[in-house]
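Undergrad: The following block contains the structure, expressed as structure tokens.
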2 protein chains.
Amino acid sequence: MEILIAEDEIQIAEPLRKNFLEEGHHSMIAADGQQALQMLEKVKFDIILLDWKMPKLSGLEVCRMVREKGDSTPILLLTALTQISNKVEALNAGADDYITKPFSFDELYARVKAIRRRFNIEHDALEHDLISMNLLDRKVQSKNGKLIELTEKEFDLLKHFIINKGIIISKEKLCQSVWGLNFVPQTNVCEVTVKNLRKKIEEVTGKKYVKTIYGEGYILIDE
Amino acid sequence: MEILIAEDEIQIAEPLRKNFLEEGHHSMIAADGQQALQMLEKVKFDIILLDWKMPKLSGLEVCRMVREKGDSTPILLLTALTQISNKVEALNAGADDYITKPFSFDELYARVKAIRRRFNIEHDALEHDLISMNLLDRKVQSKNGKLIELTEKEFDLLKHFIINKGIIISKEKLCQSVWGLNFVPQTNVCEVTVKNLRKKIEEVTGKKYVKTIYGEGYILIDE
DNA sequence: AAGAATTATGAAAAGTTCTTCATTATTTGG
DNA sequence: CCAAATAATGAAGAACTTTTCATAATTCTT
């Protein structure tokens, strides 16, 4: 993910950046609201973290301005205040969630992932690391913007992998959800389709996401 | 559409039924809340009209019970009361809209269509008379439950027709939105695809929706 | 380390969809 | 009503997708 951290206190922003990097996400730090808006002009972020109290423009103001522009990038407001009225104010300004300082990175990261999940469901999208699938027009893209041209079967296969990311999928399950069969066919259609899918994905992303678990099935892993 | 009219005053319910029928929609009348619930068990309606004041179970109660069952069929509450608090109460009970008596049929019908539109957008669906398209799984169904198996091009074509229902679509527009071309090709791909789409639709629905406007293009009409 | 089971792969075959083409039918304006 | 323009149609051909098959590579068991 590409994350914008708008936070004037560097002792908060910098550890966040490092933690996100360890999780495999790139982030940029904006020292104030104005700078945040500038960066938003140039870069398309996956999520925006806004400190409520910032020099020049508050996080709440930035949030409102982003929404007024019609930008629906997920926004998470960070704040020291705890009143419920603030939460309401945040949501009214168009923020997706609200977290009170101090918070652990794990706590923040869980929220970020939850917001992304919600956002994707709303947009009929699925994503996995560098891959994003649009379920409506059935287009698959790499995060570098390159299209991954998949056939119907390959698309269904990838969709099933992403929905079940991190868990082993048996060939039975695969046949059922992609081919609509209640048995494993005598031929090796699954294997062939997996092969072709793997090839197309690697050509664009350079990564090997689909692992084989000998005697058990396949699994989609993070890298 | 299949409409449930839950209204104890027959002098209100019956004219509604007739008006809907003239517009080509079938409706059933329930004389009280309990009867309404019973009918909801058996029939799948496209929209439910609930009178607020009804014997046995009020419209508001029926509304709540329907939602508790997890049924998300659009609900429109009809009422004589005008207070804003009622509107809030209605929406909180899970109703989609609220209309105050007395109302003209046109007024009601406009609301009904608006609610349906919203509902379809939320569900990534499109409909036209007997046809309903699911944009997510790309399945097309007739209201009698029969599947209409379309190829990709035919699907895109139908989608474009339904989105632009009632207006003439030139071949230029068609080529652009279905074939991604900025010109009309030398061949007659459009005509051929239109032919095949027409055939499949008529086979299942028995209706001729796609009309030709000589020298201008095509138009999707209501019947 | 060898044999059996499982998985991967290239290429051919089968099945679909999409496009083209030649011909027929329909519509419109004069 | 006729000729020209436009649209419809069946069938062939091209392009693409899906499946099958034979063979190679890998993994597991002992």
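Undergrad: For A:Lys153, which of the numbered conditions (1) in a helix (DSSP H, G or I); (2) more than 10 Å from DNA strand D (Cβ to nearest atom) fails to hold?
TA: Every listed condition holds for A:Lys153 apart from (2).
Undergrad: Can you find a residue in segment A:170-187 that is under 26 Å from A:Phe20 (Cβ atoms), assigned to a loop (DSSP other than H, G, I, E, B) and within 16 Å of DNA strand C (Cβ to nearest atom)?
TA: no
Undergrad: Can you tell me which residues in segment B:126-139 are within 14 Å of chain A (Cβ to nearest Cβ) and among the polar types (S, T, N, Q)?
TA: Once the filter is applied, which keeps residues that are within 14 Å of chain A (Cβ to nearest Cβ) and among the polar types (S, T, N, Q), segment B:126-139 yields only B:Asn134.
Undergrad: Among the residues of segment B:211-223, write down those that are touching a residue at least 12 places away in the same chain (Cβ under 8 Å), surrounded by fewer than 17 Cβ atoms within 10 Å (Cβ to Cβ) and under 23 Å from the mean Cα position of the chain (by Cα).
TA: The answer is B:Ile221, B:Asp222, B:Glu223.
Undergrad: Considering only residues that are more than 23 Å from the chain's Cα centre (by Cα) and within 17 Å of B:Thr79 (Cβ to Cβ), which ones fall in segment B:1-30?
TA: Within segment B:1-30, B:Asp8, B:Glu9, B:Gln11 qualify.
Undergrad: Exactly one of (1) away from every other protein chain (no Cβ under 14 Å); (2) under 30 Å from A:Ile121 (Cβ atoms); (3) in contact (Cβ under 8 Å) with a residue 24 or more places away in the chain is unmet by B:Asn19. Its number?
TA: B:Asn19 satisfies every listed condition except (2).
Undergrad: Give the residue, chosen from A:Phe161, A:Phe183, that is within 13 Å of DNA strand D (Cβ to nearest atom) and among the aromatic types (Phe, Trp, Tyr).
TA: Just one listed residue meets the conditions, A:Phe183.
Undergrad: Within the bounds of segment A:63-76, is there any residue that is outside any strand (DSSP E or B), over 21 Å from A:Ile10 (Cβ atoms) and within 14 Å of chain B (Cβ to nearest Cβ)?
TA: no
Undergrad: Hey, A:Glu61 hits all of (1) crowded, with 19+ Cβ neighbours inside 10 Å; (2) among the acidic types (Asp, Glu); (3) farther than 16 Å from A:Ile3 by Cβ but one; which does it fall short on?
TA: (1)
Undergrad: Output the number of residues of segment A:113-125 satisfying the condition of being more than 12 Å from every other protein chain (Cβ to nearest Cβ) and either within 8 Å of the chain's Cα centre (by Cα) or not hydrophobic (A, V, I, L, M, F, W, C) (or both).
TA: Matching residues across segment A:113-125 total 5.
Undergrad: To continue, here is another question. Report yes if B:Leu136 is of a type in the set (A, V, I, L, M), surrounded by 14 or more Cβ atoms within 10 Å (Cβ to Cβ) and either not in a loop (DSSP other than H, G, I, E, B) or not assigned by TED's automatic domain parsing to the domain that holds B:Gly59 (or both), otherwise no.
TA: In short, no.
Undergrad: Name the one entry in B:Lys208, B:Lys199 that is within 11 Å of DNA strand D (Cβ to nearest atom), loosely packed, with under 14 Cβ neighbours inside 10 Å, away from every other protein chain (no Cβ under 14 Å) and outside any loop (DSSP other than H, G, I, E, B).
TA: Only one candidate passes the filter, namely B:Lys199.
Undergrad: Got a number for residues in segment A:140-152 being closer than 24 Å to B:His123 by Cα and either away from chain B (no Cβ under 13 Å) or polar (S, T, N, Q) (or both)?
TA: Total satisfying the criteria: 2.
Undergrad: To continue, here is another question. Among the candidates B:Phe155, B:Phe161, which residue alone is in contact with a strand residue (DSSP E or B) (Cβ under 8 Å, 6 or more places away or on another chain), within 14 Å of chain A (Cβ to nearest Cβ) and surrounded by 15 or more Cβ atoms within 10 Å (Cβ to Cβ)?
TA: Sole residue among the options that is in contact with a strand residue (DSSP E or B) (Cβ under 8 Å, 6 or more places away or on another chain), within 14 Å of chain A (Cβ to nearest Cβ) and surrounded by 15 or more Cβ atoms within 10 Å (Cβ to Cβ): B:Phe155.
The values are calculated or read from the model by the stated rules, or taken from the named source; none is laboratory data. What you are looking at is a predicted structure, and each value in this text was computed from that prediction instead of being measured. Cβ coordinates were reconstructed from backbone atoms using ideal geometry, including for glycine residues, and neighbour counts include every protein chain displayed.
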